[in-house]
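Below: the structure, in structure tokens.
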Amino acid sequence: MNKIEYNSKDILALEQRYRAMFINSLGGFKSLSLIGTRNRDGQSNLAVFNSFFHIGANPPLFGFIVRPDSVERHTLHNILETGVFTVNHVQESFYKAAHQTSARYAAGVSEFDAVMLTEEYLQDHYAPFVAESHVKIGASFRQRTDIELNGTVLILAEITYVSIPRESLMPDGYVDLGKAGSITCAGLDSYHRTELISRLTYAKPGTLPESIIV
């Protein structure tokens with residue numbers, strides 16, 4: 001297989017947008033979600049994110065990255081103001097609408113209305129969920145860390161509510177996101193379906209894992 005190689009100097013010499021796409025793609029497939037928020041005046045906001053990662057299960061924590069706030073970041077502002085938000089997985093039926101939420105709408109415009117997705121309020125949660133989403137997570141803000149290296153912001157949050165299709169939950173607690181219809185993404189504009197290859201038994205020294213029949 002032919003290959004191309006870059007060193008640090010080569011990478012920094014790349015055109016800015018090309019470099020952003022290139023580096024963003026290298027991390028592989030990512031989680032794809034819409035974050036729903038609402039400010040104190042009741043104005044809703046919806047934005048697509050692909051930087052979620054698991055922190056721990058006790059308490060149930062996750063993190064995600066907000067890009068530098070050199071421009072208005074309504075999602076970050078609303079989370080810090082109200083302390084709550086929602087995470088909604090994206091299905092193939094509305095991935096174009098999810099992508100469109102990344103446009104820079106004015107503060108007084110709700111992305112729900114702009115991209116024609118439906119606000120849904122569950123369990124007295126202040127922030128709106130996406131009605132069309134099959135996997136919905138309610139979250140509470142726990143910690144902010146400013147990353148000086150590039151001006152991004154790390155947000156840590158605790159899961160306080162979950163809604164998933166019953167058929168996607170396996171007996172051992174595994175959530176089959178393929179059955180839930182969740183899709184994934186790579187880079188900044190590439191969307192992908194998922195297909196389960198296998199689940200494997202717990203890894204132990206001296207023995208090879210076996211496939212788990214589901």
Condition first: within 17 Å of the chain's Cα centre (by Cα), surrounded by fewer than 16 Cβ atoms within 10 Å (Cβ to Cβ), among the basic types (Lys, Arg) and modelled with pLDDT of 95 or more. Can you find one or more residues in segment 54-68 that meet it?
no
Of the residues that make up segment 127-142, is at least one surrounded by 13 or more Cβ atoms within 10 Å (Cβ to Cβ), of a type in the set (S, T, N, Q) and out of contact with any His (no Cβ under 9 Å at 6 or more places or on another chain)?
yes
Which of the residues that make up segment 141-157 are of a type outside the set (Val, Ile, Thr) and within 19 Å of Ser31 (Cβ to Cβ)?
Phe141, Arg142, Leu154, Leu156, Ala157
Members of segment 130-175 found to be among the hydroxyl-bearing types (Ser, Thr, Tyr) and touching an Asp or Glu at 6+ places or on another chain (Cβ under 7 Å), listed by number
Ser140, Ser168
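State the number of residues belonging to segment 70-94 that are assigned to a helix (DSSP H, G or I) and surrounded by 17 or more Cβ atoms within 10 Å (Cβ to Cβ).
6
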If you take the residues of segment 104-126 that are modelled with pLDDT of 95 or more, among the charged types (D, E, K, R) and surrounded by fewer than 19 Cβ atoms within 10 Å (Cβ to Cβ), which of them is farthest from Ser182 (Cα to Cα)?
Asp113
If you take the residues in segment 1-47 that are surrounded by fewer than 10 Cβ atoms within 10 Å (Cβ to Cβ) and of a type in the set (Lys, Arg), which one is farthest from Phe141 (Cα to Cα)?
Lys3
For segment 5-31, pairs from a residue that is more than 24 Å from Cys185 (Cα to Cα) to a residue that is part of a helix (DSSP H, G or I), with Cβ under 8 Å and 6 or more apart or across chains, are Leu12/Arg19
Test of understanding: among Pro209, Pro165, which residue is at pLDDT below 95 and surrounded by 12 or more Cβ atoms within 10 Å (Cβ to Cβ)?
Pro209
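The values are calculated or read from the model by the stated rules, or taken from the named source; none is laboratory data. What you see is a predicted model, and the numbers here were worked out from it, not measured in a lab. Reconstructed Cβ throughout: ideal geometry from the backbone, glycine too, with neighbour counts over all protein chains shown.
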